[in-house]
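Asker: Can you keep this structure in mind? I'll have questions shortly.
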Amino acid sequence: LSIQIDKEFESLIPRLTDEEFSQLEKNVIEDGCRDALVLWEDILVDGHNRYRICQKHGIPFNTVQREFANRDKAREWIILNQFGRRNLTAFQRAELALKLKPRVEAEAKARQIRKPSDFVVQKSAPQKSRDELASIAGISHDTLRKAEVIKEEGTSEQIQRARKGGQGNTVNAIFREIMESKADPDERKTCI
């Protein structure tokens, strides 16, 4: 069996911390690879870390096939599958949801085109898309909006901290840092 690693698909999956990878490696060595690796034809779509561990230690594993209509559907499945897998920070959940943004916006636009001309839209399409993405991710639309600002305007250090989460590294804390750094210096004095 020849398994192919698709770099784009692999990049959709949040990286494990060194500690998480070590724990997974320990579990797979002790218990074997309990969950089957998921393939789309010969492309690995789920189980990248387990596959590496099994290859490194010569541990046998099982595979299951998934059928997808195209790469977009495979990509979507990979992202949605991550939400139920691990403890992700709010920022990581937002990052995953934002990868679905083009699809959600395209579907929203298609729905608007199909509506009769006298239909009054209650919410703007971008707001509805943000609500849908937030719902998929299990976070508030405000958290999603702030995470988007962090992705667009934050430093690489701030983005890494947001991915890590924890005290001082929440979406709100880092969003506030970014907003304060953009504020007029005279305004900041009155805010402090």
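Asker: Choose one answer from 154, 165, 84: the residue with the largest mean-square fluctuation in a GNM of the chain with alpha-carbon springs under 10 Å.
Answerer: In the Gaussian network model the winner is 84.
Asker: Would you give the gap between the C-alpha center of the range 83-109 and the C-alpha center of the range 1-54, rounded to a whole Å?
Answerer: Between the Cα centres of the range 83-109 and the range 1-54 lies a distance of 21 Å.
Asker: What angle, in degrees between 0 and 90 and rounded to the nearest 10, separates the Cα long axis of helix 71-83 from the longest principal axis of the Cα atoms of the chain?
Answerer: 80
Asker: When the accessible area of the chain is computed with all protein chains present and a 1.4 Å probe, what percentage of it is carbon and sulfur?
Answerer: 49
Asker: Hey, what angle do you get for helix 171-182 against the long axis of the chain, alpha-carbon based, 0 to 90 degrees rounded to 10?
Answerer: Result, in degrees: 50.
Asker: Whats the longest run of the chain with zero GluC sites (Glu not before Pro) that are DSSP loop and have at most 12 other Cβ atoms within 10 Å?
Answerer: Free of exposed loop sites, the longest segment is 68-192.
Asker: Name the residues of the range 142-176 whose amide N is less than 17 Å from a point 7 angstrom out from the Cα of residue 15 along the C-beta direction?
Answerer: Within reach of a label on residue 15, which here means backbone N under 17 Å from a point 7 Å along Cα→Cβ, the range 142-176 contributes 155-165.
Asker: Okay, next question. What nm value, rounded to one decimal, do you get for the distance between residue 7 and residue 106 when each label is placed 7 Å out toward the C-beta?
Answerer: 2.3
Asker: Take the residue pairs 101/164; 128/164; 101/151; 151/182; 101/146 and return only those whose Cα atoms are more than 25 Å apart. Intermediate results must be reported in sequence, preceding the final value.
Answerer: On the way: 101/164 23 Å; 128/164 28 Å; 101/151 14 Å; 151/182 15 Å; 101/146 15 Å.
Flagged as over cut-off: 128/164.
Asker: Taking Cα atoms, how many degrees apart are the long axis of helix 18-31 and the longest axis of the chain, rounded to 10 and kept between 0 and 90?
Answerer: Its long axis makes an angle of about 30 degrees.
Asker: Can you pull out the trypsin sites (Lys or Arg not before Pro) in the range 1-47 that DSSP calls coil and that have at most 15 other Cβ atoms within 10 Å?
Answerer: In loop regions of the range 1-47 (DSSP not H, G, I, E or B), the sparsely surrounded trypsin sites (Lys or Arg not before Pro) are 15, 34.
Asker: Using the Cα gyration tensor of the range 1-122, with a ≥ b ≥ c the square roots of its eigenvalues, what is the shape: rounded (a/c below 1.5), prolate (a/b larger than b/c) or oblate (neither)?
Answerer: prolate
Asker: Here's something else I'd like to know. Kindly report the accessible area of the chain per residue (heavy atoms of protein chains, probe 1.4 Å, no ligands, DNA or RNA), in Å².
Answerer: Values: 11890 Å² over 192 residues.
Averaged over the residues of the chain, the accessible area is 62 Å².
The values are calculated or read from the model by the stated rules, or taken from the named source; none is laboratory data. Just so it is clear, the model here is predicted, and its values are computed rather than measured. Backbone-built Cβ (ideal geometry, glycine too); neighbour counts: all protein chains shown. Only protein heavy atoms, including side chains, enter the accessible area calculation; ligands, DNA and RNA are left aside. Shrake-Rupley method; radii C 1.70, N 1.55, O 1.52, S 1.80 Å.
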